[in-house]
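Some notes on the structure that comes next.
Any read-out appearing in this document is the output of simple, stated calculations on the displayed coordinates, not a laboratory observation. As the structure is a prediction and not an experimental result, all values here were calculated from the model. Here Cβ is always computed from backbone atoms with ideal geometry, including for glycine, and neighbour counts include all displayed protein chains.
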Amino acid sequence: MEPFTRLTATALPIARANVDTDQIVPARYLQKPRSDDFGAYLFRDLRFRADGGENPDFPLNDPAYRAARIVVAERNFGCGSSREHAVWALYDHGFRAAIAPSFGDIFASNALKNGFLPVRLGEPIVAELLEQLAASKGAAVTVDLAAQTVYAPDGSAHRFEIDGFAKRCLLEGLDEIGYTLTLLDKVALFEARQSRDQT
Amino acid sequence: MSNPSGIAPRVRRTMFDKVWERHAVLTRDDGQTLLYVDRHLLQDGSAPAFEMLRQRGLTPRVPQRAFATPDHYVPTDSRELERVAEPEKRRMAQALADDSAAAGIAMFGLADPRQGIVHVVGPEQGLTLPGMLIVCGDSHTSTHGAVGALAFGIGATEVAHVLATQVLWQRKPRTLRILVEGSLAPGIYAKDLILAIIAKIGAAGAAGHVVEYAGSTVRSLSMEGRLTVCNMSIEAGARAGMVAPDDTTYAYLAGRPYAPRGAAWDAAVARWRSLPSDEDAAFDREVQLDAGDIAPMVTWGNSPEEALPIDACVPDPASVADAERRAAMERTLDYMGLAPGTPLSQVAVDRVFIGSCTNARIEDLRVAAGVARGRRVARGVEAWVVPGSGLVKAQAEAEGLHHVFREAGFQWRHAGCSMCLGTNGDQVPPGQRCASTSNRNFVGRQGPGSRTHLLSPAMAAAAAVTGRLTDVRPLL
């Protein structure tokens, strides 16, 4: 997993609540192999109209956001289906972080396992961020994981909370499966105790 | 670990606490707990997880704790996998068969009458038992909490993690008790109850929480009804939903193929009786509802929280003060093709889908058939019934329900996820409106441009025979 430390990049404002993972990547792409570029499927039905033409109203189609690497959205971003493809689509398109007041639990968990940082900030702060991004299209936001701080376009700093273990895994690009495999002796002890209890 | 005296202090614990503690292999100082997984359910979306294992040179560590059945990519008009048009999609179902066989994981394949939607098959087979910790790479794994298990959906990397280790890292969620008291009136079902709950607390209302559904209304629900309620916990953002096991649970599970038998069954029931939350156990939050206030519900928008009683009207964005929320509602009504102020009971439908892990169990089909009996599907409406499993289908046929549906003009199909999300090609065409017993009314969920209204099986059957969203109660 690619480590995440500090990122300064254009932020894409999606001023919508409950952006579900079906919108992030429609179900008809879920059988595609991970080797595909899932960035091509990102927000597919929001970016394109039924006739195949680009939807100019969706911000990702605005040239100002083509290089965006941070998403800013309203509450409950990534709710719904557990499809990890939603994270893959954001990641393959170049995104490495999302900022929202809350996230779908499974999406947030999937994100952390793919080098993608979900940042929870208070609803008023996110609203303010969205306003700043609307006012100055293509503005950059900085996400500093070590300092657990987001720097808004106006320079204001906002601290965020993150689980200590998740932070370490992201900073170091740690592989959780590899780590857990070193603890299998404890798992085996648990299994032995459990089978004793059941008989 | 424990106190030196060896006498446990009197701590009042919730059911969730008890199941969590029983499965904690270790808890680190930073609050992360390594949880043991009793049952790992797999479906035909699992191919990426097996691929991750192969890339690491790993194999499933405890294959006997895993169980597989294909549901997302299987055809529902026949049992021939070739009926799924796209080779890539067929390969997903085939990959599950190949990966399961290679790992020694039990699987009910397409030719097996026990195949079905994994969240229907688990409880039906007794693979889902009280007190278990169950995971599956599908968000509707919350369904299994209806028997008093802790069950939640995980992503592909976590599926690979569980396959490789049989454990999973989690931070302990908070608890939310949803207390519902009173009787559901005739024509009001578990689906109406959970839609009313989500409308009340919101699509993120239970985020970060495990919900325990309690109260006299929940106690009097059948197992099927409890499975419907727990199934949609994820639509309120919950990590999981649970109902305390009781005699309804034991009567449902007794004699199921994978449930314990004889003395082992008696011992298990004795253990399970200690699972319910202790009296006065503290929950982080509590929400209360009165069952008497609940009417037949239907969604009008693109989030399950956008649900209203059937006698309500499509909401008016003009009445919303906040500009951003007003714009969001306008976008939703535009997508849904609905005019503000239209009575929901005047909204005509093109399709009806009775199926999915939410509402495709035998009780759901009995209720829907009760409404369909002696009536005809309205002209121009295409109505499908997709049983949740091969065994549900067989039971329904033994009761003659398939004749009722067919005579009324419904299509009677084979088990699978089908039109809930259309991964197998069963989709609602663009612009068409579908009354659906499934769980998500998201933009494009049932196919690009599809318009979904979530409702109960009785309400879906009523929509089929009248050609519009309608209050089922006069038809009962």
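Can you tally the net charge around A:S136? Count Lys and Arg as +1, Asp and Glu as -1, for every other residue whose Cβ sits under 14 Å from the Cβ of A:S136. Value of the local net charge: -3.
Size of chain B from its Cα atoms: along the principal axes, largest to smallest, the extents are 71, 50, 46 Å. For chain B, the longest principal axis of the C-alpha atoms and the axis of helix B:190-201 are separated by about 80°.
As I understand it, the dipole of the protein assembly as shown uses +1 on the Cβ of Lys and Arg and -1 on the Cβ of Asp and Glu, about the Cα centre. Which of B:P315, B:A254, B:S222 lies farthest toward its positive end? Final value for the positive-end residue is B:A254. Sorted fewest first by neighbouring Cβ atoms within 10 angstrom, A:S82, A:S156 come out as A:S156, A:S82. If only the Cβ of Lys and Arg carry +1 and only the Cβ of Asp and Glu carry -1, the dipole of region B:117-195 around its Cα centre is close to 320 debye. Rounded to the nearest 20, the Cβ-based charge dipole of region B:9-137 about its Cα centre (Lys and Arg +1, Asp and Glu -1) stands at 640 debye. Note that region A:9-15 has calculated 3J(HN,Hα) couplings of 7, 4, 10, 8, x, 10, 7 Hz, one per residue in order, obtained from phi through the Karplus relation 6.51 cos²θ - 1.76 cosθ + 1.60 (θ = phi - 60°); glycine and proline are x. With Cβ to Cβ distances under 11 Å as the rule, what net charge do the other residues near B:P343 carry (K, R +1; D, E -1)? Around B:P343, the charge tally is -1.
For region B:376-476, the set of trypsin sites (Lys or Arg not before Pro) satisfying both a DSSP loop assignment and a count of at most 10 other C-beta atoms within 10 Å is given as B:R379.
Phi angles of region B:387-394 translate, via the Karplus equation with coefficients 6.51, -1.76, 1.60 and θ = phi - 60°, into HN-Hα couplings of x, x, 7, x, 6, 4, 4, 5 Hz per residue; Gly and Pro are given as x.
In the protein assembly as shown, the alpha-carbon atoms span a convex hull of 152 Å³ per residue. Relative to the longest principal axis of the Cα atoms of chain B, helix B:262-272 runs at roughly 80 degrees.
Applying the Karplus parametrisation 6.51 cos²θ - 1.76 cosθ + 1.60 with θ = phi - 60° to the phi angles of region B:344-349, what ³J(HN,Hα) value in whole Hz is obtained for each residue in order, glycine and proline being reported as x? After applying 6.51 cos²θ - 1.76 cosθ + 1.60, I find 4, 6, 10, 8, 7, 10 Hz.
Taking the Cα centre of the protein assembly as shown as reference, the dipole from Cβ charges on Lys and Arg (+1) and Asp and Glu (-1) amounts to some 860 debye. Per-residue Cβ neighbour counts within 10 Å put B:L150, B:L333 in the sequence B:L333, B:L150, beginning with the fewest.
Ranking B:T143, A:T142, B:T69 by Cβ neighbours within 10 Å, fewest first, what do you get?
With the fewest neighbours first, B:T143, A:T142, B:T69 line up as A:T142, B:T69, B:T143.
Dipole of chain B (Lys/Arg Cβ +1, Asp/Glu Cβ -1, origin at the Cα centre): which of B:A66, B:A369, B:S418 lies farthest to the positive side? Of the options given, the answer is B:A66.
Taking the centroid of alpha carbons for each part, region B:426-446 and region B:262-324 are 22 Å apart.
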